[in-house]
Amino acid sequence: MVTDSDTLKKILDSIRDFPPIPQTAFKVIQILKDQEFHVTDLVHCISKDMGLTTEILRLANSGLYNPSNQITTLKQAITYLGMNTVKDLVISLSSKSLYGSGNLRLLEQKLWEHSLTTAITARLTALRVDKKLAEQCFILGLLHDLGQLILGKEVQEYESIVAEAYNKELDLRELESEKLGFDHTEVGGLALEKWEMPAVFVDVVRWHHEPEKSSNETLAHLICFANNLIKSKHIGINNHYDEEKFNRSMEHLDLTEEDADEIESTLLDIFEKEKELFKV
């Protein structure tokens with residue numbers, strides 16, 4: 001469980017229903033459970049969702065994955081990216097169905113930009129720190145603020161909380177706790193748990209602001225580092241950059257200022273070249 005405290009009860013009482021995992025993502029999970037599945041089954045399933053197909057093709061051809069030749073079919077993309085990566089991408093990209101609903105309609109583009117740039121930054125950083133964590137970092141970057149989307153959908157006053165944090169440059173998470181009694185990391189962790197996502201995803205989303213508390217500390221520091229780097233560039237709706245946390249994550253990850261500058265430069269280059277990726 002995410003928490004055994006009274007906070008969990010408050011969340012359950014305040015939020016009526018977490019959205020179910022989207023149908024395409026559910027079907028992909030079921031296909032991959034069968035050890036004898038065929039890649040054409042996966043192609044057939046995903047291709048029915050044109051939005052998802054487009055997103056996967058965009059990502060596969062982007063500077064983030066940098067293929068040697070252009071990828072023009074979903075089957076090529078799945079083969080190139082790998083089954084596990086595609087599965088996690090389908091689940092995380094399916095969370096975009098939450099954008100465009102609820103109280104965050106005017107801010108959804110900023111939320112998506114922040115999530116995707118955090119994902120790219122976390123992946124770039126992991127490639128320097130521990131390559132085997134790179135794909136998990138990308139998925140976690142996409143999902144780390146899922147709780148904000150759910151709060152925007154389910155909590156009527158959340159729009160005003162976000163606006164206050166943005167206008168006064170306050171820490172959104174602290175303001176959430178003050179106004180609601182819980183914050184978006186708890187909600188996001190709970191939603192991922194309900195979706196039966198891997199325990200590591202639940203844990204890191206829950207503790208990405210406090211990585212020392214995570215059971216997967218390096219992963220949590222990677223997301224914390226990326227999250228704060230993006231905030232420092234004013235990409236998103238919560239630009240409260242925490243320099244102390246940023247520096248602690250740099251120290252844990254054994255990154256130098258030169259490393260951070262190079263990661264930032266690469267990220268901004270991808271951000272500029274891959275505009276289509278940032279459209280909701």
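What follows is calculated from the coordinates using simple rules that are stated; it is not laboratory data. Note that the coordinates shown come from a computational prediction; the quantities given were computed from them, not determined experimentally. With ideal geometry, Cβ positions are generated from the backbone for all residues, glycine too; neighbour counts draw on all protein chains shown.
Give, in nm to one decimal, the length gained when the segment between V200 and T73 is fully stretched (0.36 nm per residue of separation minus the Cα-Cα distance). Please list the in-between numbers first.
Numbers: separation 127, 0.36 × 127 = 45.72 nm, distance 3.13 nm.
So the chain would gain 42.6 nm between V200 and T73.
Please compute the contact order of the chain in relative form: average sequence separation of alpha-carbon pairs under 8 Å and at least six residues apart, divided by the residue count, as a percent. It rounds to 21 percent for the chain. So which GluC sites (Glu not before Pro) in the range 121-193 are both in a DSSP loop and have at most 12 other Cβ atoms within 10 Å of their Cβ? Answer by residue number: E157, E169. Once both labels are positioned 7 Å from their Cα atoms along Cα-to-Cβ, the gap between Q35 and E272 label points is 5.0 nm.
For the Cα trace of the chain, dividing Rg by the Kirkwood Rh returns an Rg/Rh value of 0.95. Taking other C-beta atoms within 10 angstrom as a stand-in for reagent exposure, H184, H234 fall in the order H234, H184, fewest first. For the residues I56, I120, I161, a GNM of the chain with alpha-carbon springs under 10 Å puts the largest fluctuation on I161. Of the trypsin sites (Lys or Arg not before Pro) found in the range 35-82, those in coil by DSSP whose Cβ has at most 12 other Cβ atoms within 10 Å are K48. Model label points for E243 and Y80, set 7 angstrom from Cα along the Cα-to-Cβ axis, are 4.1 nm apart.
Counting other Cβ atoms within 10 Å as a rough exposure proxy, the listed residues K273, K33, K153 run K33, K273, K153 from fewest neighbours to most.
Which of the residue pairs K48/K233; K194/K231; K27/K131 have a Cα-Cα distance greater than 31 Å in the structure shown? Pairs exceeding 31 Å: K48/K233. This ranking places S160, S62 by how few other beta-carbon atoms lie within 10 Å of each, fewest first, which gives S160, S62. Give the shape of the range 182-280 as rounded, prolate or oblate, defined through the alpha-carbon gyration tensor: a ≥ b ≥ c are the square roots of its eigenvalues, a/c under 1.5 means rounded, and otherwise the shape is prolate if a/b is larger than b/c and oblate if not. In terms of gyration-tensor shape, oblate.
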